[in-house]
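Notes follow the structure.
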């Protein structure tokens, strides 16, 4: 529908009547005003080579990114297919890695989560990574935050792709169960436990064998791990920072 420029100017008190004698300059003024009224602000974009963390997150440089509106199985999560367990978390990570390939990833920021990660809609070439992870059956539509990918989930479920080929625990429920079980195993209560630095959410642990292993939020050992700087342990902002300092990700 064509905008009624005269009506807009009249409502704003710019002209005295709802006439049709709106000049080109006034049309520009109206367009700018309308843009301001609907918060017409360019969305923040991040672009570069992605280093995959798991099935719904990765890093571009020092920026940690979480795919918006989707939820993939956790790294150590197992699912069941044909009566057998399979590493669906690892497979989800591999699927995202294959979608990205060696192409540049471009992400449009939608939010920032509690762990300081950019929550975004991302593309690699012509592929919408959020949609493709759900369509392939290696992520669910994260309905708590968005219904954008419900159609892709229904398609994957009907075709029995990925995790829909058998039985699985919803990734959010898996994390919740892990958090519930964590406190009983947590190495907490230590007077030497360090205070987390601002923006640091990755735990750099030193295990009994002296191996330096880092744990990211949502991983199976994250909640049960406490950081004791007196033992050489520390916090990190990014996985790249942890690796550069000599820590590695958990195996398996």
>> Quick check: pseudo-label points 7 Å beyond the Cα along Cα→Cβ at residue 170 and residue 78, how many nm apart are they?
In response: 2.3
>> Full-extension gain between residue 144 and residue 87, please, as 0.36 nm times their residue separation minus the C-alpha to C-alpha distance.
In response: 18.0 nm
> What list do you get for 107, 200, 79 if you sort them by fewest beta carbons within 10 Å?
Replying inline: 200, 79, 107
> Sorting 109, 231 on the 10 Å Cβ count, fewest up front, what's the list?
Replying inline: 231, 109
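Just so you know, all these numbers are worked out from the coordinates, no wet-lab data involved. Here the structure is a predicted model, which means the values were calculated and not measured. Quick reminder, even Gly has a Cβ in these numbers, built from the backbone with ideal geometry, and neighbours come from all protein chains shown.
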